[in-house]
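Worksheet: the structure to be examined is printed underneath.
The values are calculated or read from the model by the stated rules, or taken from the named source; none is laboratory data. The structure presented is a predicted model; accordingly, all values stated were derived computationally and were not measured. Note: ideal-geometry Cβ built from the backbone for every residue, glycine included; neighbour counts use all protein chains shown. Surface accessibility is based on the protein's heavy atoms, side chains included, excluding ligands, DNA and RNA. Shrake-Rupley method; radii C 1.70, N 1.55, O 1.52, S 1.80 Å.
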Amino acid sequence: MSEIALTVQSLQKSFKDQQVLHDVSFNVRKGEITALLGPNGAGKSTTIRSIMGILYPDHGTIKFHGEKEGQIPKHKIGYLPEERGLYKNVKIMDILLYFAELKDYPQKKAKERALSYLKKFGLEGKDKVSIEELSKGMGQKVQFIASIIHEPELLILDEPFSGLDPVSQEVFKEEIRELARNGTAILLSAHQMNLVEEMADRLIMIHKGREVISGTMDEVKREYASFKCTIHGLNDENKLKTIPYVTRVEQQDNVSVLFLDQNLKAAEWIRKLPSDIQIEEFRLDRISLHEIFIDVASDRTLAAEEEEKYA
Amino acid sequence: MRNSLKVARWEFKRNVKNKSFIISLLLTPVLFILFATLPTLLSGSGDDAEPVNVSVSDPSGIWAEQIEPYLSNADLNWETSVVTASPDEWRDGLDEDESAVYLALDEAALSEGQITYYTTEDTPDSFAGEVQLLAAPLQQLNLQNAGLSAEQMAAVTNGIQFNAEELSDSEQAADTGVNELARIIPGAFAGLILFSIVMTGMMIFQSASQEKKEKVSEIVLSSLTPSDLMQGKIIGYFWLGMLQVGVWLLIALPFVIWRFNDFPIMEYLFVPELALLIVIALIGYLLFAALFVGLGATVEDISSTSNFQGMIMMLPFSPLILIGPILSDPNGLAAQVGTYIPFTSPAVMIMRLSLLEEWPWVEIGIALAILVLSVWLVMKLAGKIFEVGILLYGKNASMGEIMKWVRS
């Protein structure tokens, strides 16, 4: 298992009387991409801002391995915040060199890296133009370069894909992977589940400030990624609930979605379906990370768990 | 501190490369020189073009020997000639639009002490004053004709003058004119420094507000602390202000030295008093810089700032109200009150110390203590406001929010 770069332990934070983080804990490892997921307002940015020392947690510890307790090695961290921008009327190269200087990175090396990344992201020859002359997508690429110009050991990306077109998303995805392959520890928050599913090695999902799912991508998939069955036809919801392995039923008009237990053997289950069910259309799919996310975001899983607990 | 210097260098560099800053930097001294020279040049060229042709009717033959030598020291733009023509003949011989005067120095006029002179429409109004210079030699001539001795004549013409002389330990006290200049020149220099750095200090407000608007502060704060960023801005804009003073002096000083070549300006400038005046200017800058950096962090959209923020922006100009009372009485009540109010104190002190012969050291000491305490307090409050405000994107902070940050 890879070496741990960052440990977040029992993080708690309140704004006014509202607690926005409840005991959030996770590790970020070198050479791995850890995804921090959750709906809007879940506490992702608060967690990230606490790691960066921009906010102070009320309780809990943030430990950068290889550093003294409570010390944030800012020059070893790359950070792309969710709310981001750049100085408008300054040349791109000047901005990139300034950010490198703030991180104590040698200027000559920074210039070489800046030129090479600009070329890589299709911005060759744009080093002397100002941000206001670039499109929004191009600006985001420059922001991304600014966050990695100093070869950070830990890279924290808050919603790096927001506002990007699919082509740029691919470019970013490939670059983030490349950085991880080279040993950078990466923590990213995102909404695009398909991208996270493709990239992340580990994930932690928080909802209303609480950790709801965590583990490696394989563990999470094994634990949560079961099947769902969509049936078009007029059927009684209560009757569908009595079918073996069905954990939950959602029905709208004549479309019923049956959520199935993860121990299900699909072929056998299909064979044993009651013969009096009306089936005009039938589909069996894997539940994706996206649906797990929607489930969590809309409190359905939590509600189902609560129901089970008090049943 | 290292991080603050990085920010300071950045703020300095990006403003120095900014076109509008460069233009204002160069334009200000040029405008100053232009305003200082243009009126003189214009009026000067008028003098050169049109001297007053003074025609003197001198039947007694006194002009050349007795009167004219008196005028040689006076800087008069007269072209004199002795004529024998009568006033009517003189008038007929004039060109159109000629600036001319006919001065009748006949014996009757001299003895009665009533001398008539005739002017044209184009004779300048200043001639009425200039012609009074003739009174002394003419009176002397009258007395001479009456048979008075040289001593008696001197006693009558000199009259009685009152000469004020203040008792003072200082050896230089007798020469009050020189002393005043010796005070005003360093004062004016310190005032220039205060003006320049406070003006660039106001740019801090824009810089902090822009950083919020461009949403760049969170990226910057991932590398340094809010107080590093705040200090860096204050130092950077201080450098910018000093550069501005340097450039202004470089352009304007040779001109000032040339224009006022009678005074040893450099000698008066580099006196020990200058050090204190500069210290006052620098403390004043720190006060306003802290105020503006804190305020800038609360404002994202300058067009929708509240009255409160607008009033704070006006604070550096508050000493202007006190200029009149201070000039009329540098030790008056208004001057003293202004010395103790932190926001007016730097400018008021510089003004007073430039005017006063004896410096009120106790007042200076108290005022400096109040000022330093205020700087510490304002820096502390600005730090708290800046820390939270700079990350509050998307809106201007309300008064209530600012109070909450300060109390936290």
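For the range A:195-251, filtered to residues that are without any contact (Cβ under 8 Å) to a residue 40 or more places away in the chain and in contact with a Phe, Trp or Tyr (Cβ under 9 Å, 6 or more places away or on another chain), the residue that is nearest to residue A:278 (Cα to Cα) is A:243. The residue that is most open to solvent (accessible area, probe 1.4 Å), counting only those in the range B:385-408 that are within 14 Å of chain A (Cβ to nearest Cβ) and either under 19 Å from residue B:231 (Cβ atoms) or in contact with a His (Cβ under 7 Å, 6 or more places away or on another chain) (or both), is B:387. Name the residue, out of A:144, A:161, A:121, that is among the aromatic types (Phe, Trp, Tyr), more than 23 Å from residue B:15 (Cβ to Cβ) and within 13 Å of another protein chain (Cβ to nearest Cβ). Of A:144, A:161, A:121, the one residue that is among the aromatic types (Phe, Trp, Tyr), more than 23 Å from residue B:15 (Cβ to Cβ) and within 13 Å of another protein chain (Cβ to nearest Cβ) is A:144. Restricting the range A:63-85 to residues that are more than 9 Å from chain B (Cβ to nearest Cβ) and open to solvent by less than 30 Å² (accessible area, probe 1.4 Å), which is nearest to residue B:223 (Cα to Cα)? My answer is A:73. When residue B:89 is tested against (1) modelled with pLDDT of 80 or more; (2) more than 47 Å from the chain's Cα centre (by Cα); (3) surrounded by 14 or more Cβ atoms within 10 Å (Cβ to Cβ), exactly one condition is not met: (3). Take the residues in the range B:5-19 that are within 11 Å of chain A (Cβ to nearest Cβ) and open to solvent by less than 80 Å² (accessible area, probe 1.4 Å); name whichever of them is modelled with the lowest pLDDT. Here the residue is B:18. Checked against (1) of a type in the set (A, V, I, L, M); (2) touching a strand residue (DSSP E or B) at 6+ places or on another chain (Cβ under 9 Å); (3) more than 14 Å from chain A (Cβ to nearest Cβ), residue B:240 passes all but condition (2).
All conditions but one from (1) at pLDDT 80 or above; (2) open to solvent by 60 Å² or more (accessible area, probe 1.4 Å); (3) not assigned by TED's automatic domain parsing to the domain that holds residue B:20 apply to residue B:167; the one that does not is (1).
Hey, which of the strands (runs of 3 or more DSSP E) in the range A:157-254, taking only ones fully inside, have at least 2 residues that are more than 28 Å from residue A:81 (Cα to Cα)? I'd like the intermediate steps shown before the answer.
Details: elements: A:185-189, A:202-207, A:210-216, A:227-232, A:246-252.
Strands (runs of 3 or more DSSP E) meeting the threshold: A:227-232, A:246-252.
Here the condition is being over 30 Å from residue B:224 (Cβ atoms), within 43 Å of the chain's Cα centre (by Cα) and part of a strand (DSSP E or B); of B:102, B:70, it holds for B:102 alone.
Taking the criterion of being aromatic (Phe, Trp, Tyr) and either surrounded by fewer than 19 Cβ atoms within 10 Å (Cβ to Cβ) or away from chain B (no Cβ under 14 Å) (or both), would at least one residue in the range A:86-108 satisfy it? Full working, then the answer.
In the first step, residues of the range A:86-108 are kept if they are aromatic (Phe, Trp, Tyr); the result is A:87, A:98-99, A:105.
Okay, now just the ones that are also either surrounded by fewer than 19 Cβ atoms within 10 Å (Cβ to Cβ) or away from chain B (no Cβ under 14 Å) (or both), so A:105.
Yes; the residues of the range A:86-108 include at least one that is aromatic (Phe, Trp, Tyr) and either surrounded by fewer than 19 Cβ atoms within 10 Å (Cβ to Cβ) or away from chain B (no Cβ under 14 Å) (or both).
Scanning the range B:190-225 for residues that are more than 14 Å from chain A (Cβ to nearest Cβ), buried (at least 22 other Cβ atoms within 10 Å of the Cβ) and not hydrophobic (A, V, I, L, M, F, W, C) gives B:196, B:200, B:201.
Here are some residues: A:83, A:69. Which one is within 26 Å of residue A:205 (Cα to Cα), in contact with a Lys or Arg (Cβ under 8 Å, 6 or more places away or on another chain), without any contact (Cβ under 8 Å) to a residue 24 or more places away in the chain and not polar (S, T, N, Q)? Steps first, answer last, please.
Values: A:69 fails: within 26 Å of residue A:205 (Cα to Cα).
One residue alone meets the criteria, A:83.
The residues of the range A:49-62 that are open to solvent by less than 30 Å² (accessible area, probe 1.4 Å) and at the interface with chain B (Cβ under 9 Å from one of its Cβ atoms), listed by number, are A:52, A:53, A:54.
When the range A:272-298 is limited to residues that are assigned to a loop (DSSP other than H, G, I, E, B) and without any contact (Cβ under 8 Å) to a residue 24 or more places away in the chain, the one that is surrounded by the most Cβ atoms within 10 Å (Cβ to Cβ) turns out to be A:298.
Count, please, the residues in the range B:187-216 that happen to be β-branched (Val, Ile, Thr), closer than 21 Å to residue B:227 by Cβ and part of a helix (DSSP H, G or I).
Step one: list which residues in the range B:187-216 are β-branched (Val, Ile, Thr), which gives B:193, B:197-198, B:200, B:204, B:216.
Now narrow it down to the ones that are closer than 21 Å to residue B:227 by Cβ: B:197, B:200, B:204, B:216.
This time we only want the ones that are part of a helix (DSSP H, G or I), so: B:197, B:200, B:204.
Count: 3.
For the range A:32-41, the set of residues classified as in contact with a helix residue (DSSP H, G or I) (Cβ under 8 Å, 6 or more places away or on another chain) and either open to solvent by 10 Å² or more (accessible area, probe 1.4 Å) or at pLDDT below 90 (or both) consists of A:32, A:37, A:38, A:39, listed by residue number. Among the residues of the range B:107-123, those identified as open to solvent by 50 Å² or more (accessible area, probe 1.4 Å) and either at pLDDT 80 or above or polar (S, T, N, Q) (or both) are B:111, B:114, B:115, B:116, B:117, B:118, B:119, B:121, B:122. Considering the range A:109-152, the residues that are surrounded by fewer than 19 Cβ atoms within 10 Å (Cβ to Cβ) and of a type in the set (S, T, N, Q) include one that is modelled with the lowest pLDDT, namely A:135. Any residue in the range A:83-99 that is closer than 27 Å to residue A:2 by Cβ and either basic (Lys, Arg) or part of a loop (DSSP other than H, G, I, E, B) (or both)? No, the range A:83-99 contains no residue that is closer than 27 Å to residue A:2 by Cβ and either basic (Lys, Arg) or part of a loop (DSSP other than H, G, I, E, B) (or both).
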